[in-house]
Amino acid sequence: MKIPKREYTAEFKELSVKRVKEGQTVGAVCKELGLVEQTLRNWVKASVPSSPSLSLNGFGIAITAISCCLSLSASYHNCRRK
């Protein structure tokens, strides 16, 4: 018998990841919330941008880093042209 895939809200994922980032172990959080450890590990990994590029993860679009880089690049090129 196949186990049905569970779906979680973005808020639930964020709160679960926050608990891990605040120092609780993945195992403890999973046991308390009834999650599979690999699922929570995937959420934690997805919540940390791996590079300053545009990345889409389960919690939305991370554009702060790329926006900052583009802004700095444009400022640099404008200064060099003057």
**Which listed residue, of 31, 5, is surrounded by fewer than 12 Cβ atoms within 10 Å (Cβ to Cβ) and at pLDDT 95 or above** = 31
**Request:** Look at the stretch 15-40 and say how many of its residues are within 17 Å of the chain's Cα centre (by Cα), of a type in the set (Gly, Ala, Ser) and not in a helix (DSSP H, G or I).
**Result:** 1
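The values are calculated or read from the model by the stated rules, or taken from the named source; none is laboratory data. What you see is a predicted model, and the numbers here were worked out from it, not measured in a lab. Heads up, the Cβs are rebuilt from the backbone with ideal geometry, glycines too, and the neighbour counts pull from every protein chain shown.
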